[in-house]
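Enquirer: Please see the structure below; I have some questions.
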Amino acid sequence: MNIFRLTGDLSHLAAIVILLLKIWKTRSCAGISGKSQLLFALVFTTRYLDLFTSFISLYNTSMKVIYLACSYATVYLIYLKFKATYDGNHDTFRVEFLVVPVGGLSFLILWTFSIYLESVAILPQLFMISKTGEAETITTHYLFFLGLYRALYLVNWIWRFYFEGFFDLIAVVAGVVQTILYCDFFYLYITKVLKGKKLSLPA
């Protein structure tokens, strides 16, 4: 554990909490991609199958349980409790174009599958924003912290390589891909949202 991994985990947790609070307080899931949230639920399910078979630390187990619970809670809110507010007409990204190639790349190894899938799971959400042309401020905060989590994890891998001699090519490549997907969004977030302007994109 190092400061970059810890702050990365906290950024990830902040993103999830921001999204859940947004949905619960507004009683609406408008502007949120249900498909992205289903993909994240699949990511955590396949990655944390070892939850009941191996114990690393209380912190590790607690974070796994929190991520799983929050991801399924988000899916429940979108597809059941606030289903009437879900904008399925704009959430049209073809997720099979992500799941099938990722499944092939992972050679059916579930942890690897979850790593690859996480790197592209945000695409339906970004696609939905580009299709509608705008995003609520709270949604952009969620995306920012989610992207920050991945960027901090990249620094974590560099730290571990130099100070622990540890290197995981799969995790690094997937992390780089995911961070690149957020680059345009980071730029817009810094130049617009932080200045009090609403994020808008060409449809």
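Enquirer: Take Met63 and Ile3, extend 7 Å from each Cα along the Cα→Cβ direction, and tell me the distance between the two endpoints in nm.
Expert: Roughly 1.7 nm, to one decimal.
Enquirer: Let's see if you can work this out: charge +1 on each Lys and Arg Cβ, -1 on each Asp and Glu Cβ, no other charges. What is the dipole magnitude of the chain about its Cα centre, in debye to the nearest 20? Please report the intermediate quantities before stating the final value.
Expert: Values: 17 positive and 11 negative charges, 124 e Å.
That gives the chain a dipole magnitude of about 600 debye.
Enquirer: Another question, if that's okay. Counting only protein heavy atoms, what percent of the accessible surface of the stretch 62-173 is carbon or sulfur at a 1.4 Å probe? Walk me through the numbers on the way to the answer.
Expert: On the way: 4100 of 5620 Å².
Carbon-and-sulfur percentage of accessible area, whole number: 73.
Enquirer: Taking a probe of 1.4 Å, how large is the accessible area per residue of the stretch 92-178, in Å²?
Expert: Result: 48 Å² of accessible area for each residue.
Enquirer: A further question on this structure: What's the Cα-based Rg to Rh of the stretch 46-165, Rh via Kirkwood?
Expert: Details: Rg = 16.8 Å, Rh = 16.9 Å.
So for the stretch 46-165, dividing Rg by the Kirkwood Rh gives 0.99.
Enquirer: Based on alpha-carbon atoms only, what is the radius of gyration of the stretch 142-193 relative to the globular estimate 2.2 N^0.38 Å?
Expert: On the way: Rg = 12.5 Å, N = 52, 2.2 N^0.38 = 9.9 Å.
Its radius of gyration relative to the 2.2 N^0.38 Å reference: 1.26.
Enquirer: Rank Ile32, Ile109, Ile56 by mean-square fluctuation in a GNM of the chain with C-alpha springs under 10 angstrom and give only the top-ranked residue.
Expert: The residue that fluctuates most here is Ile56.
Enquirer: Among the trypsin sites (Lys or Arg not before Pro) in the stretch 8-78, which ones are in a DSSP loop with at most 16 other Cβ atoms within 10 Å of the Cβ? Mind listing them? Let's see the in-between values first.
Expert: Details: sites: Lys22, Lys25, Arg27, Lys35, Arg47, Lys64; in loops: Arg27.
Here the trypsin sites (Lys or Arg not before Pro) that fit, given the DSSP loop and packing criteria, are Arg27.
Enquirer: Sticking to Cα atoms, compute the Rg of the chain to one decimal and its Dmax as the biggest Cα-Cα distance, whole number, in Å.
Expert: Values for the chain (Cα only, Rg and Dmax): 16.7, 51 Å.
Enquirer: Okay, moving on. So which DSSP H runs in the chain come out at 30 Å plus along the axis (Cα) with average Kyte-Doolittle of at least 0.0?
Expert: Working: long enough: 3-26 (34 Å, 1.20); 137-164 (39 Å, 0.59); 169-191 (33 Å, 1.77).
TM-like helix candidates: 3-26, 137-164, 169-191.
The values are calculated or read from the model by the stated rules, or taken from the named source; none is laboratory data. Since the model is a prediction, treat every value here as computed from it, not as a measurement. Positions of Cβ are backbone-derived with ideal geometry, glycine not excepted, and every protein chain shown enters the neighbour counts. What goes into the accessible areas is simple: the full protein's heavy atoms, side chains included, and nothing from ligands, DNA or RNA. Shrake-Rupley method; radii C 1.70, N 1.55, O 1.52, S 1.80 Å.
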